[in-house]
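Student: Take a look at this one; I'll ask things after.
Read-outs: derived from the displayed coordinates by stated rules, not from any lab. Given the structure is predicted, the values throughout are model-derived calculations rather than measurements. All Cβ positions, glycine included, derive from the backbone under ideal geometry; neighbour counts span all protein chains shown.
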Amino acid sequence: AVRALSGIRNLPAETLDGTRLTLQANLELPSEIPEARDVGAEGIGLLRTEFLFMNREDLPDEEEQSRLLEQIVSQMAPLPVTIRTLDVGGEKLAPSLGQHIGTSPNPAMGLRAIRLSLKMPDLLRTQLAAILRAARKGPVRILLPMISSPDQVTQARAILEQVARDLRASGVDIPDPLPPLGVMIEVPGAALAADSLAEVSDFFAIGTNDLISYTLAIDRGEERVANLYDPLHPGVLKLIRVAVDAARHAGKPVSVCGEMASDPRYTALFLGLGVRELSMGPKALPRIKARTRMLHHSRSQLLADDLLGEKQREKISEKLDRFLADLQ
Ligand code: PEP
Ligand code: MG
């Protein structure tokens, strides 16, 4: 099977009736780049920048961040790299920021991700400056985590533009126009109001891990309720559909980068909902490509309509299982 999968490295992720998907890699560490390139990832759909802040007591400065990001962007060029600003807090920790995050009765809903970045604008400025410097080496997109309101995007964009002006004034030749600024859709309210976010952002990346967790009120690390964590919950499916429809209506790109994107069980569903970009851990990519090449876009659309129209949870998985059994 490994051999069969490596054989499709240079083939496109295309359905039997000619719909093309873009499959990209999620990276947590720069050391994963060779693997992402090996499996034929068409770029990095999610670069988690938390690695810059892990296992150390101090904060990385602009120089250090830009050096590491430049290496990643150079190694991937001409393929694009989507760089997410710091997503700490909740289950993601960084010792140097612990005192700023403080303690919260409910860290998953506390000061974290974009909320922390906007509370500590110097932290965000440093990171955006490093990203803009790295953008000189190849195509980059900037992604904001845990967005819940358009205001947060507008504030982040104002900071981005100020950082860009300062860099240009000091003679740094950063790209014009600036890289696209997009948002994670991973808070249920953001999915429901995705039309308002589409007005202020350039692309969406749907984070199904947190979207499922917040929609169903299941802590990602709480094993005793893990059985209720359900990607096929009708509420989750509806939120994904609303977000995808809003992006398509506004003509903005939308990708899925949560764990659901790496499970071939859901590829047809995403395709049928109108998603054309999936980003996943590099190891999953050959499987998802192989699955895509077994699908029909037209049948996947019917499947998505069928699953979204179904009220009973058990029927949803039955219908999906039947669809998948017919593929073999
Ligand atoms: C997600 O929430 O689905 C996501 C991709 O981000 P992370 O797993 O880093 O929270
Ligand atoms: Mg997330």
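Student: Report, ordered by the first and then the second residue, all pairs with beta carbons closer than 7 Å, sequence separation of six or more or different chains, a first member in the stretch 69-81 that is within 16 Å of GLU35 (Cβ to Cβ), and a second member that is crowded, with 18+ Cβ neighbours inside 10 Å and not aliphatic (A, V, I, L, M).
Tutor: MET76/GLY43; MET76/GLY138; LEU79/GLU42; LEU79/GLY43; VAL81/GLY43; VAL81/GLY138
Student: Same structure, new question: Let me spell it out: the conditions are (1) more than 16 Å from ligand 1 (Cβ to nearest atom); (2) surrounded by fewer than 22 Cβ atoms within 10 Å (Cβ to Cβ), and GLY110 meets all of them except one. Which number is the exception?
Tutor: Status for GLY110: all satisfied but (1).
Student: Output the qualifying pairs, or none if there are none: Cβ atoms under 8 angstrom, residues six or more apart or on different chains, first residue in the stretch 305-319 and on the phi < 0 side of the Ramachandran plot, second residue in a loop (DSSP other than H, G, I, E, B).
Tutor: LEU307/LEU232; ARG313/ASP230; ARG313/LEU232; ARG313/HIS233; ILE316/LEU232; ILE316/GLU310; SER317/LEU232; LYS319/GLU310
Student: Among the residues of the stretch 170-185, are any more than 16 Å from ligand 2 (Cβ to nearest atom) and assigned to a helix (DSSP H, G or I)? Break it down stepwise before answering.
Tutor: The first filter runs over the stretch 170-185 and keeps only residues more than 16 Å from ligand 2 (Cβ to nearest atom), leaving 170-181.
Imposing the further condition that a residue be assigned to a helix (DSSP H, G or I) reduces the set to none.
Scanning the stretch 170-185 turns up no residue that is more than 16 Å from ligand 2 (Cβ to nearest atom) and assigned to a helix (DSSP H, G or I).
Student: Name, by its number, the condition in (1) within 16 Å of ligand 1 (Cβ to nearest atom); (2) assigned to a loop (DSSP other than H, G, I, E, B); (3) over 14 Å from the mean Cα position of the chain (by Cα) that does not hold for GLY189.
Tutor: Condition (2) is where GLY189 drops out.
Student: I would also like to ask the following. Looking at (1) under 29 Å from ARG313 (Cβ atoms); (2) in contact with a helix residue (DSSP H, G or I) (Cβ under 9 Å, 6 or more places away or on another chain); (3) surrounded by fewer than 17 Cβ atoms within 10 Å (Cβ to Cβ); (4) among the small types (Gly, Ala, Ser), can you tell me which one ALA226 breaks?
Tutor: (2)
Student: When the stretch 226-263 is examined, which residues are found to be within 12 Å of ligand 1 (Cβ to nearest atom) and in a helix (DSSP H, G or I)?
Tutor: Result: VAL236, ILE240, GLU259, MET260, ALA261, SER262.
Student: Out of the stretch 188-223, which residues are surrounded by fewer than 24 Cβ atoms within 10 Å (Cβ to Cβ), touching a Ser or Thr at 6+ places or on another chain (Cβ under 7 Å) and not charged (D, E, K, R)?
Tutor: Of everything in the stretch 188-223, those that are surrounded by fewer than 24 Cβ atoms within 10 Å (Cβ to Cβ), touching a Ser or Thr at 6+ places or on another chain (Cβ under 7 Å) and not charged (D, E, K, R) turn out to be PRO188, GLY189, VAL200.
Student: Let me ask something else about it. So which of MET294, MET280 ends up being touching a helix residue (DSSP H, G or I) at 6+ places or on another chain (Cβ under 6 Å), within 20 Å of GLY7 (Cα to Cα), surrounded by fewer than 16 Cβ atoms within 10 Å (Cβ to Cβ) and in contact (Cβ under 8 Å) with a residue 24 or more places away in the chain? Please lay out each step first, then the result.
Tutor: Values: MET280 fails: surrounded by fewer than 16 Cβ atoms within 10 Å (Cβ to Cβ).
After applying the criteria, what remains is MET294.
Student: Which pairs do you get when a residue that is part of a helix (DSSP H, G or I), found in the stretch 135-152, comes within reach of a residue that is of a type in the set (S, T, N, Q) and surrounded by fewer than 21 Cβ atoms within 10 Å (Cβ to Cβ), reach meaning Cβ atoms under 6 angstrom, with the pair 6+ apart or on two chains?
Tutor: What qualifies is PRO150/SER196.
Student: Continuing with this model, one more query. Checking the structure you have, find out if any residue of the stretch 166-176 is crowded, with 22+ Cβ neighbours inside 10 Å and touching a residue at least 12 places away in the same chain (Cβ under 8 Å).
Tutor: Filtering the stretch 166-176 down to residues crowded, with 22+ Cβ neighbours inside 10 Å leaves none.
Looking through the stretch 166-176, none of the residues is crowded, with 22+ Cβ neighbours inside 10 Å and touching a residue at least 12 places away in the same chain (Cβ under 8 Å).
Student: OK, next. Pick out the one residue from ALA198, ALA205, ALA191 that is within 16 Å of ligand 2 (Cβ to nearest atom), free of Cβ contacts under 8 Å to residues at least 60 places away in the same chain and under 28 Å from LYS119 (Cα atoms). Working first, answer last.
Tutor: Values: ALA198 fails: within 16 Å of ligand 2 (Cβ to nearest atom); ALA205 fails: free of Cβ contacts under 8 Å to residues at least 60 places away in the same chain.
The unique qualifying residue is ALA191.
Student: Moving on to the next point. Only one residue in ASP210, ASP166 is within 14 Å of ligand 2 (Cβ to nearest atom), among the charged types (D, E, K, R) and part of a helix (DSSP H, G or I), so which one is that? Steps first, please.
Tutor: Values: ASP166 fails: within 14 Å of ligand 2 (Cβ to nearest atom).
Testing whether each residue is within 14 Å of ligand 2 (Cβ to nearest atom), among the charged types (D, E, K, R) and part of a helix (DSSP H, G or I) leaves just ASP210.
Student: Go through (1) within 24 Å of ASP61 (Cα to Cα); (2) crowded, with 16+ Cβ neighbours inside 10 Å one by one and return the number of the condition PRO150 breaks.
Tutor: It fails just one condition, (1).
Student: Select from the stretch 55-95 the residues that are surrounded by fewer than 20 Cβ atoms within 10 Å (Cβ to Cβ), in a helix (DSSP H, G or I) and out of contact with any Pro (no Cβ under 9 Å at 6 or more places or on another chain) and list them in ascending order.
Tutor: Once the filter is applied, which keeps residues that are surrounded by fewer than 20 Cβ atoms within 10 Å (Cβ to Cβ), in a helix (DSSP H, G or I) and out of contact with any Pro (no Cβ under 9 Å at 6 or more places or on another chain), the stretch 55-95 yields GLU62, GLU63, GLU64, ARG67, GLU70, SER74, PRO95.
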